[in-house]
Amino acid sequence: MWPGRDNANEFEQLAMPLFASLYNLAHWLTQDRSEAEDLVQETYAKALKGFNSFQPGTNFRAWIFRILRNTFLTSRTGLNAVKTVPVDEADEPESFTPVTRESPESILLARADHDAIVAALQKLPLPFREIILLCDVEEMSYREIAETLMIPLGTVMSRLARARRSMRQLLAGRVQGAYR
Amino acid sequence: MTCDTWQPKIDAYLDNELPEADVRDVASHLRSCASCSSEALARSELKRSIHLAAKSYVPDPEFRKRIQNTVSPKVAGRSWNWAWTAGTAFAMILLVIAGSLLWTRQIQQQQIIGELTDLHVATLASANRVEVVSSDRHTVKPWFQGKVPFTFNVPELQGSQFELIGGKVTYLDQNPGAELLFGVRKHLLSVFIFKDSPELDRALGSNGQMRKLSFNLASWSDNGLRYLVVTDAARSDVNDLHARFAEAAR
């Protein structure tokens, strides 16, 4: 059922400020401009249609990002991406083990290289890439991320730690490769 | 507690997700432990770099318009038979539109120049004012390749009173752009370059000069790009630099 005029106004006010963020995430997920546009268009259509089921006072951003992500995961590109990603980690606390192949200096060196960051993000497995984007780019709280990805808070923390460690390893590898 | 106990808390500390009591403990440990402090700095720098680098994809303005049309509520198709009602409504709408256009343009212009002035001041206050440090335009221009979704020409400054100091990537309303820093005598000038958009054009016009907090600002549009200068240098310096950019863009 499509929302009434008042609801449609409210939807527009809530949804349009998130347009650029949704598009950026869609592009990172699909890695293709045209597919990203299709994904965003479908997300807005589904969100508008289902807006009556949105509970006022709850987190709209997490709600619409969840729609985008679920729409992606059921698309052909999303299904392929999920197939190529190893089964997700168990929900257990992250135990810290120092990464000996990298150093803060190497990370700082790589920081200057915008391309290195982009390339490393592109290489990350989908669950790692999306959680880093939600946390570091969208600046979502752990609770918002848990709502968006529909996972427990503990899993958010452990997955984020693993994702960041993979990111650092990819960057450290790139820096070492460049200076060999 | 050993450092192994603190390390897992560093991410949550940097993400502002630690309880207040833990924040104090972690901050106190970081002040006294060089190893954890260095680790926290690296993680914080990486977080910041990802934040900047991963905002890479900017939607096409046409696509935004398409989505906007999809979500905007449709006007109900009720027909009115009274011509005077329609006429009055039409006249009122025209008045409101004319007034609000002027008002909106001024608000938007103030927002944009306020944001750019802040960016300029932040650059001046920063210990690392630019990311590419060079007075050679053939070094600075290529550095932006792949970092901003357009290219531009940097003017030849030999024999002029200007010197190129360097540049960095910046953002205006989530759109990436270039910020070039120039020196003239003891003054600094930031030249911001973004892809031009109907919003910028509407707010700033094709060519204009403004003042904000005693800073001199100039804005012009050339070849699909929007140039904006912010400085405390004289208006004549701004005009001179504008002319050099216009010449370089030909």
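Keeping to segment A:130-147, report how many residues are under 14 Å from B:Ile50 (Cβ atoms) and either more than 9 Å from chain B (Cβ to nearest Cβ) or not in a helix (DSSP H, G or I) (or both). Quick ask: steps written out before the conclusion?
Let us first name the residues in segment A:130-147 that are under 14 Å from B:Ile50 (Cβ atoms), namely A:130-140.
Those still in the list that are either more than 9 Å from chain B (Cβ to nearest Cβ) or not in a helix (DSSP H, G or I) (or both) too: A:130-131, A:134, A:138-140.
Counting residues in segment A:130-147 that are under 14 Å from B:Ile50 (Cβ atoms) and either more than 9 Å from chain B (Cβ to nearest Cβ) or not in a helix (DSSP H, G or I) (or both) gives 6.
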Worksheet, complete the sentence: Per the filter on segment B:44-62, residues free of Cβ contacts under 8 Å to residues at least 60 places away in the same chain, more than 7 Å from chain A (Cβ to nearest Cβ) and part of a helix (DSSP H, G or I) are B:Ser44, B:Arg48, B:Glu62
Item to complete: Scan segment B:112-130 for residues that are surrounded by 15 or more Cβ atoms within 10 Å (Cβ to Cβ) and more than 26 Å from B:Gly205 (Cα to Cα) and jot them down.
Response: B:Arg129, B:Val130
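Search segment A:11-38 for residues being part of a helix (DSSP H, G or I) and in contact (Cβ under 8 Å) with a residue 60 or more places away in the chain, and hand back the single one that is nearest to the other protein chains (Cβ to nearest Cβ).
Start the filter on segment A:11-38 by keeping residues that are part of a helix (DSSP H, G or I), which leaves A:11-30, A:33-38.
Okay, now just the ones that are also in contact (Cβ under 8 Å) with a residue 60 or more places away in the chain, so A:21, A:24-25, A:28-29.
Values: A:Ser21: 8, A:Asn24: 5, A:Leu25: 9, A:Trp28: 7, A:Leu29: 11 Å.
The residue in question is A:Asn24.
Taking B:Ser126 as the residue in question, decide whether it is in contact (Cβ under 8 Å) with a residue 12 or more places away in the chain and among the polar types (S, T, N, Q).
Numbers: in contact (Cβ under 8 Å) with a residue 12 or more places away in the chain: no; among the polar types (S, T, N, Q): yes.
Considered against the rule, which asks whether it is in contact (Cβ under 8 Å) with a residue 12 or more places away in the chain and among the polar types (S, T, N, Q), B:Ser126 comes out as no.
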Discussion item. Scan segment B:55-74 and tell me whether some residue there is at pLDDT below 85 and more than 28 Å from A:Met140 (Cβ to Cβ).
Written reply: yes
Worksheet item: Out of (1) at pLDDT 90 or above; (2) under 27 Å from B:Trp103 (Cα atoms), the odd one out for B:Leu213 is which?
Response: (1)
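Take A:Glu94 and decide whether it is modelled with pLDDT of 55 or more and either within 8 Å of another protein chain (Cβ to nearest Cβ) or within 16 Å of the chain's Cα centre (by Cα) (or both).
Values: modelled with pLDDT of 55 or more: no; either within 8 Å of another protein chain (Cβ to nearest Cβ) or within 16 Å of the chain's Cα centre (by Cα) (or both): yes.
When the stated conditions are applied, A:Glu94 does not pass them.
The values are calculated or read from the model by the stated rules, or taken from the named source; none is laboratory data. Worth saying up front: this structure is predicted, and the values here are computed from it rather than measured. Every residue, glycine among them, receives a Cβ derived from its backbone with ideal geometry; neighbour counts consider all protein chains shown.
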